[in-house]
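First comes the structure, then the notes that go with it.
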Amino acid sequence: MQLEKNEKIVKSNNVIPFIPTGDFYFAKGVESFRKRRFDTALKWLKKAVDTEPNNPLYQCQMSIIYTETGAYHKANQLLTNVLQSTGDQYVDCYYLLANNYAHLGLLNDARKFAISYLDKEPDGDFSEDAKTLLDLIEIDDYDEEDWELDEEDELLVYQETVFHHLENNEWNQALVLLEEMILLFPDYKTAHHEYTHALFFTGKREEAIQKELELLEEDPNNLYSHTNLALFYFEIQEYEEYQRHIRALLNIYPIHEQQKLRIATTLARTGFLKEANIRFRMLDKGVVKSHISYYRWYSMTAYRLGEPAKALALWEEGCRRHPKLSEEEGPWH
């Protein structure tokens, strides 16, 4: 009996455990994708990417799933990563980007990437699709200056969408768009500051602070660097550095209402309530009423300064204008 037991142990020890590879997850993802089970396909592809994060094929396939589900910005982020890491090894990415930008209404970028694809692969798998896309963009309009979205129009689309995500504390969604903005509009510096802001509140605090310090070194008087760093250092309780940046803000009185609001909310969030209250009262409400942050932090400031009726009125007005605000705790919490 003992011999038989030992033999069983030996046989058991010879069993080779099954360890899934990236290709296994990828195959399962493609199978689910063909069955149009996109949620399941995405889970498998994420496992494949986690297993082999540098495999561009996995990222390309995941981008196609995002495109199918309407998550065009997420798809573009993956495709951009592939192009940056592999050069022109995966030329199909150019067409996939063109297709996604067309869906987003960013026709100038759609055209640019479609032309890039045809220049590199004139007889490629997507060449006919790329030509059709260009025809659709130009249909009934042969004057390029009339139909083509210029950079300012495209930038405005990004600004409005990013603004929505930042105001609603949707940091990850904002980061995806901000990465695209920085790639497409590298000279638009505000995007860099908003990127560090969103990055900090996703938990990557050290990276965010380092990036913002680099931006401050380039422009020592930049308002957004001081508001960000004041808030960052306050949150991590490095009060000496916080004081340096908040003191700089106390002497700044910008012209633009959005910048005025940025200072007011920073003062409110870091305990300078009396100064914040003064700044809030100086704002043109007709301009800032579209900002949830105005109602969120002004109501809190009023409540903590002993004006509960004013705080309640601000909060209720904010909830009427921005129903999502009602999902948050009120200023009395």
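The numbered conditions (1) under 26 Å from residue 199 (Cβ atoms); (2) crowded, with 17+ Cβ neighbours inside 10 Å are all true for residue 259 except (2). The set of residues in segment 181-199 that are charged (D, E, K, R) and surrounded by fewer than 21 Cβ atoms within 10 Å (Cβ to Cβ) comprises 187, 189. Is at least one residue of segment 160-169 of a type in the set (D, E, K, R) and either under 12 Å from the mean Cα position of the chain (by Cα) or over 18 Å from residue 291 (Cβ atoms) (or both)? Taking every residue of segment 160-169 in turn, none turns out to be of a type in the set (D, E, K, R) and either under 12 Å from the mean Cα position of the chain (by Cα) or over 18 Å from residue 291 (Cβ atoms) (or both).
Please indicate, with yes or no, whether at least one residue in segment 124-136 is exposed (fewer than 15 other Cβ atoms within 10 Å of the Cβ) and hydrophobic (A, V, I, L, M, F, W, C). Looking for residues that are exposed (fewer than 15 other Cβ atoms within 10 Å of the Cβ) and hydrophobic (A, V, I, L, M, F, W, C), one finds at least one in segment 124-136, hence yes. Where helices (runs of 4 or more DSSP H) fall wholly inside segment 238-313, the ranges with 2 or more residues that are charged (D, E, K, R) are 239-250, 257-269, 273-281, 292-304.
Considering segment 85-107, and only residues there that are hydrophobic (A, V, I, L, M, F, W, C) and free of Cβ contacts under 8 Å to residues at least 40 places away in the same chain, the residue that is farthest from residue 124 (Cα to Cα) turns out to be 102.
Restricting attention to segment 315-323, does a residue exist that is in a loop (DSSP other than H, G, I, E, B), acidic (Asp, Glu) and either more than 15 Å from residue 265 (Cβ to Cβ) or without any contact (Cβ under 8 Å) to a residue 12 or more places away in the chain (or both)? Checking segment 315-323: not a single residue is in a loop (DSSP other than H, G, I, E, B), acidic (Asp, Glu) and either more than 15 Å from residue 265 (Cβ to Cβ) or without any contact (Cβ under 8 Å) to a residue 12 or more places away in the chain (or both).
Scan segment 54-89 for residues that are modelled with pLDDT of 85 or more and either part of a loop (DSSP other than H, G, I, E, B) or not assigned by TED's automatic domain parsing to the domain that holds residue 125 (or both) and report the count. Total meeting the criteria: 1.
Within this structure, residue 253 fails the test of being over 30 Å from residue 221 (Cα atoms) and aromatic (Phe, Trp, Tyr).
Filtering segment 280-303 to residues that are buried (at least 18 other Cβ atoms within 10 Å of the Cβ) and either among the charged types (D, E, K, R) or touching a residue at least 40 places away in the same chain (Cβ under 8 Å) (or both) leaves 291, 292, 293, 296.
The values are calculated or read from the model by the stated rules, or taken from the named source; none is laboratory data. What you are looking at is a predicted structure, and each value in this text was computed from that prediction instead of being measured. Ideal geometry is used to build each Cβ from the backbone, glycine not excepted, and the neighbour counts take in all protein chains shown.
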